[in-house]
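K.L.:
To start, I am sharing the structure in question, which I have written as structure tokens.
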Amino acid sequence: MTALVIVAPVLIFTVTFMVTQYMTKRTPKAVKRSADVTTFFLILADHFFMIVLFDQSFLLYILLLLFLIGILFVALYAKSQGDINFRKVIRGYWRICFFAFAILYLLLFVTGIVKSILLVF
């Protein structure tokens, strides 16, 4: 079950991208839609990845990171735009979370590979 949750973001991103690309014929829209759909699954996968790698839950830290990203993004958006358009803020926040958790996912993936190699030797 854990392995499925960890692999799910890659599968979901790929399927969403292919379906959206086929329906709209527009690659930028397909990438954005895929990122929007995959973000939640990336957050969940990162949580399970950390449990598998470190035998400890970091869910509180993940939630804290989400909260801090939100505060920072809203503050920067309000400072640059003046007026807050909540739809744009939420969409921007969600895509920044996608980017941050995708990087974390890749780092955890590399960490898992290195840890597995070190256990063999």
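K.L.:
Rounded, prolate or oblate: which one fits region 25-75, using the alpha carbon gyration tensor with axes a ≥ b ≥ c (rounded when a/c is under 1.5, else prolate when a/b beats b/c, else oblate)?
P.N.:
Details: a/c = 4.66, a/b = 1.46, b/c = 3.20.
Here region 25-75 falls in the oblate category.
K.L.:
Assuming a ≥ b ≥ c are the square roots of the Cα gyration tensor eigenvalues, decide whether the chain counts as rounded (a/c under 1.5), prolate (otherwise, with a/b larger than b/c) or oblate.
P.N.:
Values: a/c = 2.74, a/b = 1.36, b/c = 2.01.
It is oblate, given that a/c is not under 1.5 and a/b is not larger than b/c.
K.L.:
In nm, to one decimal, how far is the residue 99 label point from the residue 120 one, both placed 7 Å along Cα→Cβ?
P.N.:
3.5 nm
K.L.:
Can you list the trypsin sites (Lys or Arg not before Pro) in region 1-93 that are in a DSSP coil and have 10 or fewer other beta carbons within 10 angstrom?
P.N.:
Details: sites: 25, 26, 29, 32, 33, 79, 87, 88, 91; in loops: 25, 26.
Within region 1-93, the qualifying trypsin sites (Lys or Arg not before Pro) (loop, at most 10 other Cβ atoms within 10 Å) are 25.
Every number in this text was worked out from the coordinates using simple rules, so none of it is lab data. What you see is a predicted model; the values in this text were computed from it and never measured. So basically every Cβ, Gly included, is an ideal-geometry build from the backbone, and we count neighbours across all protein chains shown.
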